[in-house]
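Comments concern the structure below.
All of the numbers you see were taken from the coordinates with simple rules; none came from a lab. Model, not experiment: these values are computed from the prediction. Cβ: placed from backbone, ideal geometry, glycine included. Neighbour counts: every protein chain shown.
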Amino acid sequence: MNRSGRLFLFVALLIALMGIISIYSGTFQKQSGAFEGIYLRQALWVALGIAAFFFVSRMNYRLLWDATYFLYAGMVFLLLLVFMMGIVKLGAQRWLRLGLLSFQPSEAAKLVMVIFLAKYFSDKSADSISPAAQKFGLLRAVFIPLAFVIAPAALIIEQPDLGSGLLVLILFMCMLYLSGIKLRYPLSLTAAALLMLPVGWHFLHGYQKDRIMVFLNPSIDPLGAGYTIIQSRIAVGSGGLIGKGWLSGTQSQLHFLPESHTDFIFATFAEEWGFAGCLALLSLYYLIIREGIRISSQTGDAFGRLLAAGISIMLFVQVMVNIAMNMGLAPVVGVPLPLMSYGGTSVLVTCISLGILANISRSRAAY
Amino acid sequence: MPTVKRFTLLKCLFYAGFFVLALSLAGMQLFQGAKFGELSKKNCIKLLPQPGARGRIIDRNGTVLAGNVLSYDVMVLPQKNVQLENILRRIAPVLHSTVKELRSNFTRGVVAPFIPVAVARNISLQQAIAIEEIKMDTPGVIVQPHPVRFYPEGKLAAHVLGYLNEIDHWRLSKLAEYGYTEKDTVGYSGVEEKYDYYLQPSEGGVSVEVDHRGRVSRIIGFKPPVNGRDIQLTLDSGIQRIAEQALAGRKGCVVIIEPQSGEILALASSPTFDPQAFVSKDTEALRSFLQDNGGVFLNRAIGGAYAPGSVFKLVTAAAALETGKTDYGKIIDCRGSLKLGKEEFNCSSVHGLQDLKHAIAHSCNIYFYNMGILLGGQTIHDYALKFGYGRNSGVELPYETPGVVPEPLWKRIYKLKRWFDGDSVNFSIGQGDLLVTPLQVARMMAVFANGGHLVSPYIVKSIDGVDPRAGRYKRPVKVPVSGEHLAYLRGALRMVVSEDTGTAHVLSGLPVTIAGKTGTAQATGGKCHAWFCGFFPYDNPRYVICSFLENGGSGYQSSLMTREIIVEMANKGMI
């Protein structure tokens, strides 16, 4: 394993450790039933993730090129399966039961879409060694990939999981931009998407509309939809410089903060470890994502280059949106904080993503 | 290659994103950290209040006029209300109540799960003990003792004490900045209102940490409640009781003060009310107070302004002597009436030749009519003010009225009329527009009793053992009437009682020598106001008494009431 691989492993382990500590704290007072030993389950997932990291980082990423369509088909199949027979938790149908564990296909869909788009835009034309994407017309540059993206995105949004669905769409836009196609395509697509916003508003669920409304003004419904934002802001803000100490955060320990071990794990962490802890955590994410971008920009292979960029963007957007949402700077959408939030699929997918990055870095070095 | 440029943009976004996040985190956690810290504390730290006892009000001998007794409330904790029905079914028979009523009390009272809800208030000690036994096997029931006002002497001195009630909007708007809040119990009228700030207990309580459902997760600390300060009055409950019994429910009042210091020994007003009714929320009694048009809440001794009638002649006499309009030897012939222009002013009878002494003893109007014409309205007004009329006496009770002392300018302004000699005539015998309070009359009488000083009557002896006047003691003001004239008038006051024809002769023959002046003031609508104001013992005055009966007939009635009071005081060995 090269330097990048060791960095990923080390930093990912540190973040995951912080995550487990915070999950322990977030569920410390809820020692009953479903929350019993939940941090151990997360530890198990992290262990599984590390194993997957080692496995993926040793497996040539070009294999993904070949497997792209299988992965895509498998993903759509799983999403349909969720649609038909998923488990309903917290009012959303997002999980598939696999024996003792549950699996969240929408998390995996993010990575699969990155792989799919990386392959699509790095296809070489027969007469050239450079990617064909630069010469794509409107149909091949926008409409065909859009069709491939819209299908899973719609299934995810329908679950409903607005956060992951929008993430897939954002990834699409970013990769479209990075693929080197004519600039007017992504620009006009963005413009079209903005024009569609008022239409999209009508397709949102009532609670999703509420969340956006309370994001704009949390005080309109302080005990309902605005409650989470207000309590989360209080949790983050009251952490101060060095925090209230582990297991001593009143917001999370006394359950004022909902979802203190999943989407709002950052608030739990921020309350107990303060600005110092948050800065450390942000630095760790910064290290990982910067390394991802560096790998991407130094890779000659178009597929690897786009793949590394896509993975970096995927991690970056999730970190940004989740932390911003914890601080009340973004509406509440279900986006986990990679490696921190409780959730097996998310941990596993993040570890695999980092494994792919490590492998791209290693393979490039071998050229 | 275009993608290189595009990568640069991506990197910029990436740096910017982390920079903005770190910056907002610093803003929230470092710069607004204290604010959010407060908010998080407010979220989870709540106070379970524990009331302290209101300060007591005691008389000069230590007899408790307004104290406290422990009352018991039955509370149910909402968080253990799984057994609510069971609890209510068991406690209902003890409280002589129904499950339905208790349940509705409970549902109305729920505020938060950490605050126990009162399902029944002010239960008896026996009931409290019975419920304590039920508590053994049904958790969630609390019997909370808390002090409530109790008046061991019943209605005694109710007007001086005032009563307690929930704070009203007007008082709240006035007192909010002194820490009063809604639902506070505050004093209404009397010492309870005037000294509410001192009497108020400061609430203590247990501060607890609660979770988002309001369940108590731990106890942080306990702050014991602090009782309000005790107030000792100058009242003597023995004399007060005698005075109230003498009034016997008639409209009127009795004021007894100590002539040297101005200490108020008794301040009885009638009809009266039972302050306990406000504590026990006795709706029947409260309604009867409200429907009574006799003015039960009016403290007539300080809040009622009446025509003084002949007791005011002392002011006219003093003014006439001081200004030289009369002397000891001047004699005026009383023919029973005085004709002034078209109007005829009457006397109570035909007194014949009268000097000033006898004019006072017989309360001859004709003599004073002449004095009034000689003095003029302005001079009488000036002397009335010197004797303390026309302004508040400064007693520490709310809702004191200054009364009215007319003068020519006053009449111009308020009545838009000239001042005629007829006005001076009426003024000289305490009629017309003149209005005074019984306390002012007693204060005037104290001048003759103590050798010429206008005292400031007061009723609060000490607050928590400390004299509130210490350091800013108001010395009695020397009234500008010569000692010789005072002694002369003092003798005339004695003659009112000692002469066979004196208007208060009924007061002679008592074990104590009394001097004083009667008054029969014509009042609009109904009978005359009956006054007697005097002091005793004559040689060494210790008491000034002012007996007043509103529409009570002639001054004779008041003299009779005074006699009753003095006899009773003598019987009890107080004199």
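Listed values, structure above:
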{"item": "Residue with peak Gaussian network fluctuation, chain A [Cα springs, cutoff 10 Å], from A:Ser122, A:Ser297, A:Ser252", "result": "A:Ser297"}
{"item": "Calculated on alpha-carbon atoms, Rg and Dmax of the protein assembly as shown in Å", "result": "46.2, 150"}
{"item": "Dipole of the protein assembly as shown, positive direction: furthest Cα of B:Ser310, A:Ser283, A:Ile144, with charges on the beta-carbon", "result": "A:Ile144"}
{"item": "Normalised per residue, the volume of the convex hull around the Cα set of chain B (Å³)", "result": "246"}
{"item": "Phi to ³J(HN,Hα) by Karplus 6.51 cos²θ - 1.76 cosθ + 1.60 over region B:283-290, Hz, x for Gly, Pro", "result": "4, 4, 5, 4, 5, 5, 4, 5"}
{"item": "Prolate/oblate/rounded label for region B:47-233 (Cα gyration tensor, a/c 1.5)", "result": "prolate"}
{"item": "Helix axis angle, A:265-298 relative to chain A longest principal axis, alpha carbon, degrees", "result": "10"}
{"item": "GNM flexibility winner over chain A from A:Val46, A:Val142, A:Val349 (Cα, springs under 10 Å)", "result": "A:Val142"}
{"item": "Integer Hz, Karplus 6.51/-1.76/1.60 couplings in order for region B:393-408, x for Gly and Pro", "result": "6, x, 4, 7, 10, x, 6, 7, 10, x, x, 9, 10, x, 8, x"}
{"item": "Other-chain or far-sequence residues with amide H under 5 Å of B:Leu265's (modelled H)", "result": "B:Ile256, B:Ile257, B:Glu258"}
{"item": "Alpha-carbon centroid distance for the pair region A:316-367 / region B:231-245, whole angstrom", "result": "84"}
{"item": "Mean separation of Cα contacts under 8 Å (6+ apart) over length of region A:152-307, as relative contact order %", "result": "14"}
{"item": "Note, ³J(HN,Hα) from phi for region B:4-21, Karplus 6.51, -1.76, 1.60, rounded to Hz, x at Gly and Pro", "result": "5, 4, 5, 5, 4, 4, 4, 4, 4, 4, 4, 4, 4, x, 5, 5, 5, 4"}
{"item": "Diffusion coefficient, µm² s⁻¹, Stokes-Einstein with Kirkwood Rh over alpha-carbon pairs of region B:246-326 at 20 °C and 1.002 mPa s", "result": "137"}
{"item": "Helix-only CD estimate at 222 nm, as mean residue ellipticity for chain B, using -39500 (n - 2.57) per DSSP H run (n ≥ 4)", "result": "-11500 deg cm²/dmol"}
{"item": "Cβ-isolated cysteines (cut-off 4.7 Å), chain B", "result": "B:Cys12, B:Cys44, B:Cys253, B:Cys334, B:Cys347, B:Cys364, B:Cys528"}
{"item": "Region B:47-233, relative contact order in percent, only Cα pairs under 8 angstrom and at least six apart counted", "result": "34"}
{"item": "Gaussian network model of chain A, Cα within-10 Å springs - most flexible of A:Ser102, A:Ser22, A:Ser164", "result": "A:Ser102"}
{"item": "Cα centroid separation, region A:171-191 to region B:440-492 (Å)", "result": "99"}
{"item": "In degrees, nearest ten, helix B:125-137 long axis to first principal axis of chain B (Cα)", "result": "0"}
{"item": "Amide proton proximity set for B:Val436, modelled H, under 5 Å, gap of 5+", "result": "B:Tyr306, B:Ala307, B:Val404"}
{"item": "Long-range HN-HN contacts of B:Tyr543 with modeled amide H, under 5 Å", "result": "B:Phe536"}
{"item": "Test item: A:235-244 mean partner chain Cβ contacts at 10 Å", "result": "6"}
{"item": "Computed over chain A: relative contact order in percent, which uses C-alpha pairs under 8 Å that are six or more apart", "result": "28"}
{"item": "Filtered trypsin sites (Lys or Arg not before Pro), region B:389-449: DSSP coil and at most 15 other beta carbons within 10 Å", "result": "B:Arg391, B:Lys417, B:Arg418"}
{"item": "Candidates per GluC sites (Glu not before Pro) in region B:20-111, loop by DSSP, up to 12 other Cβ within 10 Å", "result": "none"}
